[in-house]
1. How many of the residues in the range 47-87 are touching a Lys or Arg at 6+ places or on another chain (Cβ under 6 Å) and in contact (Cβ under 8 Å) with a residue 24 or more places away in the chain?
2. Looking only at the range 66-93, how many residues end up being under 13 Å from P115 (Cα atoms), within 15 Å of the ligand (Cβ to nearest atom) and open to solvent by less than 40 Å² (accessible area, probe 1.4 Å)?
3. Does any residue of the range 52-71 turn out to be among the small types (G, A, S) and in a strand (DSSP E or B)?
4. Scan the range 110-126 for residues that are outside any strand (DSSP E or B) and within 12 Å of the ligand (Cβ to nearest atom) and report the count.
5. Looking at R91, R100 in this structure, which one is touching a Gly at 6+ places or on another chain (Cβ under 8 Å) and at pLDDT 95 or above?
6. Just to be sure, is K52 open to solvent by 30 Å² or more (accessible area, probe 1.4 Å) and under 14 Å from the mean Cα position of the chain (by Cα)?
7. State whether one or more residues within the range 23-44 are of a type in the set (V, I, T), within 15 Å of the ligand (Cβ to nearest atom), crowded, with 17+ Cβ neighbours inside 10 Å and in a loop (DSSP other than H, G, I, E, B).
8. Kindly indicate whether G103 is more than 13 Å from the ligand (Cβ to nearest atom), small (G, A, S) and open to solvent by 60 Å² or more (accessible area, probe 1.4 Å).
Amino acid sequence: MIGRLNHVAIAVPDLKAAADTYRGALGAKVSEPQAEPDHGVTVVFIELPNTKIELLEPLGENSPIAAFLEKNPSGGMHHVCYEVDDILAARDKLKAEGARVLGDGEPKIGAHGKPVLFLHPKDFSGTLTELEQA
Ligand code: CO
């Protein structure tokens, strides 16, 4: 069921500083910042040869990454995202296996314009796990 690693997301307190580090010290190709008000984050995408890195900065009052950054003030790995062919079939299988789907359990449109779901970190070795329909 599980497919490619689509991205690793890193929450950061200062998106410009983090993007500059990737662009400068690491020589990466970094996108322009993209505001995602529905998800409470501003994002930049870093294209690597085999996957992507997303840098996430809080946007707005109730950002879902605000509490994470309070615990990890210099930033940190926030989630991994795996591709699946059929997100509803994947969700139903995972629920049958006892995994908890966050929110109302219905896919939302993610930063790449594709349906995504998040799975409870306690069910996946302490790692918030996103599924994206490829
Ligand atoms: Co993501």
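The values are calculated or read from the model by the stated rules, or taken from the named source; none is laboratory data. Remember, it's a predicted structure, so these values are computed and weren't measured experimentally. Glycine gets a Cβ as well: all are built from the backbone with ideal geometry, and neighbour counts include every protein chain shown. For accessibility, only protein heavy atoms count, side chains too; no ligands or nucleic acids. Shrake-Rupley method; radii C 1.70, N 1.55, O 1.52, S 1.80 Å.
1. So the first thing to find is which residues in the range 47-87 are touching a Lys or Arg at 6+ places or on another chain (Cβ under 6 Å), and the list is 47, 83.
Subset that is in contact (Cβ under 8 Å) with a residue 24 or more places away in the chain: 83.
Of the residues in that region, 1 qualify.
2. So the first thing to find is which residues in the range 66-93 are under 13 Å from P115 (Cα atoms), and the list is 81-91.
Adding the requirement that they be within 15 Å of the ligand (Cβ to nearest atom) leaves 81-84, 87.
With open to solvent by less than 40 Å² (accessible area, probe 1.4 Å) added as a condition, the list becomes 81, 83-84, 87.
Residues flagged as under 13 Å from P115 (Cα atoms), within 15 Å of the ligand (Cβ to nearest atom) and open to solvent by less than 40 Å² (accessible area, probe 1.4 Å) within the range 66-93 amount to 4.
3. no
4. Of the residues in the range 110-126, 4 are outside any strand (DSSP E or B) and within 12 Å of the ligand (Cβ to nearest atom).
5. Within the list R91, R100, the selection yields R91.
6. Numbers: open to solvent by 30 Å² or more (accessible area, probe 1.4 Å): yes; under 14 Å from the mean Cα position of the chain (by Cα): yes.
Taking the combined requirement at face value, the residue satisfies it.
7. Within the range 23-44, none of the residues are of a type in the set (V, I, T), within 15 Å of the ligand (Cβ to nearest atom), crowded, with 17+ Cβ neighbours inside 10 Å and in a loop (DSSP other than H, G, I, E, B).
8. Against the criterion (more than 13 Å from the ligand (Cβ to nearest atom), small (G, A, S) and open to solvent by 60 Å² or more (accessible area, probe 1.4 Å)), G103 qualifies.
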